[in-house]
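Here is the structure we will look at.
The values are calculated or read from the model by the stated rules, or taken from the named source; none is laboratory data. What you are looking at is a predicted structure, and each value in this text was computed from that prediction instead of being measured. Here the Cβ positions follow ideal geometry from the backbone for every residue, glycine too, while neighbour counts run over all protein chains shown.
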Amino acid sequence: MDIIYSIEARDTIFYNTLKDYFGLNAQKLKKETIDNIDILKEALKGTGVSYNDFRNTLIPADGRDYHEQLFAFRLYPDDNKVYQDVAENIIQLLNKDSRYNILMGDLILYPYDVDTKKLLIELLYHTVGKRLSRNWRSDYFLVYINHIKQENIKTIDSFFKNKKYYVGTADLSFESLFKTYISNASVLTTYVKIGKNIFSADADVDFDKHSRTDNGPWNWSEYGYKVYGIQDCLFQTFLKYKIDTSMGTSLSGNDREINTMIMTSQDNQELPIGNIKIDERKLDYLEKHQLTLFDKIEVTKENLKEKIISKIKHQSFYNIKFMPEHNVVTFNIFIEFQNKDDKKFKQTIALKYDFELKEISLVTIC
């Protein structure tokens, strides 16, 4: 059984080149993908970290035990000092044994006019629960960490509250307008932290090797971390966190097309989502054993189908498992619900695509 936690085909040219320039069909794209995962595993040898260790950093946080957390900083009055201070302190504040996907970037405000810029900055301040600063005319730096626990969030937030340049923090585990915007325009994976090991992209290393080069902006080795460079193409395709939003990016359609071709090995690039199969007995079982879900929100087979279909159309696939012995591929999507108290929660939806029957069916909800 081969498993791929996520395939990022939005912002990389790798799969677009294979499909459009070299004309690889779905079967060959699938083979290329599985071969590249094997190459990545080879590159990781000697680091003490396996591909499986990256799993939780590559799938959406549940918003309960683990979070997708934003930390925002105002680059004022001296942006270089702010960048340096943030880097030095966050490294020391992170839980050394934890696993994170660390995305970062400036809040992109150009080429917008002043009024639009102000609206975006107001949205940032609203997201972190603060009133717009009188010094709002500034540039902003964002750090977005996937798979972080609440106690580590509090440690970082408490420290930076004493810094004048700190705007604040927000839990972005769930859908929001600002989350969608920055996933399009601002933050990208720069590092993946697996315990005391740091991984980043290195364009100069061989595919099946790792380097000890850190091309990122933070000096991890100074604080006792081991730093490894993974070939840029492999890093951007398999270790980059795909922020899960319903709007996606301008390239999300192409990403889903390539993911679907790889998953189904079929060139029509379409999943048969019109009639997802949900077994009545399975639904009865879920109603009896998933009381925390079905008691909180009215879920019927019909509106559950609608939510699944919408999610497949608009968002990403995770935990893709190829099981040729059963002639199926399974994959996960994540659906957000809201209970009667307006509290949001997230459920993992496990689905199965049958190659022979050419149908999608529900495996479970957890």
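I'd like to verify a number: residues in segment 1-31 that are touching a helix residue (DSSP H, G or I) at 6+ places or on another chain (Cβ under 8 Å) and within 28 Å of Arg212 (Cβ to Cβ), how many?
8
For (1) in contact with a Ser or Thr (Cβ under 8 Å, 6 or more places away or on another chain); (2) assigned to a loop (DSSP other than H, G, I, E, B); (3) surrounded by fewer than 15 Cβ atoms within 10 Å (Cβ to Cβ); (4) modelled with pLDDT of 95 or more, each residue gets a yes or a no:
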| site | (1), (2), (3), (4) |
| --- | --- |
| Leu29 | no, no, no, no |
| Glu32 | no, no, no, no |
| Ile37 | no, no, no, yes |
| Lys41 | yes, no, yes, yes |
| Gly48 | no, yes, yes, yes |
| Asn52 | no, no, yes, yes |
| Arg55 | no, no, no, yes |
| Pro60 | yes, yes, no, yes |
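Scan segment 97-116 residue by residue and report those that are modelled with pLDDT of 90 or more and of a type in the set (D, E, K, R).
The answer is Asp97, Arg99, Asp106.
Given the criteria buried (at least 17 other Cβ atoms within 10 Å of the Cβ), among the basic types (Lys, Arg) and assigned by TED's automatic domain parsing to the domain that holds Ser133, does Arg64 qualify?
The answer is no for Arg64.
Condition first: in a loop (DSSP other than H, G, I, E, B), buried (at least 20 other Cβ atoms within 10 Å of the Cβ) and out of contact with any Ser or Thr (no Cβ under 7 Å at 6 or more places or on another chain). Now tell me which residues in segment 187-221 satisfy that.
Val187, Trp218
Under the condition of being farther than 23 Å from Tyr353 by Cα and of a type in the set (Val, Ile, Thr), which residue from segment 272-298 is modelled with the lowest pLDDT?
The extreme case among them is Thr292.
If you scan segment 74-106, which residues turn out to be more than 14 Å from Tyr166 (Cα to Cα), part of a loop (DSSP other than H, G, I, E, B) and more than 18 Å from the chain's Cα centre (by Cα)?
If the condition is that a residue be more than 14 Å from Tyr166 (Cα to Cα), part of a loop (DSSP other than H, G, I, E, B) and more than 18 Å from the chain's Cα centre (by Cα), then Leu94, Asn95, Lys96, Asp97 are the ones that fit.
Given the criteria of a type in the set (S, T, N, Q) and farther than 23 Å from Thr189 by Cα, does Ser98 qualify?
no
Restricting to segment 113-142, count the residues that are of a type outside the set (Asp, Glu) and under 20 Å from Leu188 (Cβ atoms).
Here the count works out to 7.
State the number of residues belonging to segment 235-251 that are part of a helix (DSSP H, G or I) and modelled with pLDDT under 95.
2
Just name the residue that is surrounded by the fewest Cβ atoms within 10 Å (Cβ to Cβ) out of those in segment 160-186 that are over 28 Å from Tyr112 (Cα atoms) and not basic (Lys, Arg).
Asn162
If I filter segment 133-151 for residues that are of a type in the set (Phe, Trp, Tyr), under 19 Å from Lys179 (Cα atoms), assigned to a loop (DSSP other than H, G, I, E, B) and assigned by TED's automatic domain parsing to the domain that holds Val82, do I get at least one hit?
Looking for residues that are of a type in the set (Phe, Trp, Tyr), under 19 Å from Lys179 (Cα atoms), assigned to a loop (DSSP other than H, G, I, E, B) and assigned by TED's automatic domain parsing to the domain that holds Val82, one finds none in segment 133-151, hence no.
Give me the pairs: first residue in segment 192-211 and free of Cβ contacts under 8 Å to residues at least 24 places away in the same chain, second residue part of a strand (DSSP E or B), beta-carbon distance under 6 Å, and six or more apart or on different chains, which are they?
Ser211/Asp202; Ser211/Gly229
Within segment 11-27, track down each residue that is surrounded by 15 or more Cβ atoms within 10 Å (Cβ to Cβ) and β-branched (Val, Ile, Thr).
Within segment 11-27, just Thr12 meets the criteria.
Pull out all pairs, ordered by first then second residue, where Cβ-Cβ is under 6 Å, the residues are six or more apart or on different chains, the first lies in segment 141-161 and is under 13 Å from Tyr66 (Cα atoms), and the second is part of a strand (DSSP E or B) and among the polar types (S, T, N, Q).
As it stands, the answer is Ile145/Gln69; Asn146/Asn101; Ile148/Gln69; Ile153/Gln69, since those pairs meet every condition given.
Search segment 222-234 for residues being in a strand (DSSP E or B) and hydrophobic (A, V, I, L, M, F, W, C), and hand back the single one that is farthest from Tyr15 (Cα to Cα).
Among residues in segment 222-234 that are in a strand (DSSP E or B) and hydrophobic (A, V, I, L, M, F, W, C), the one farthest from Tyr15 (Cα to Cα) is Val227.
Within segment 107-114, is even one residue under 19 Å from the mean Cα position of the chain (by Cα) and either in the same structural domain as Lys193 (by TED's automatic domain parsing) or charged (D, E, K, R) (or both)?
Yes, that holds for at least one residue.
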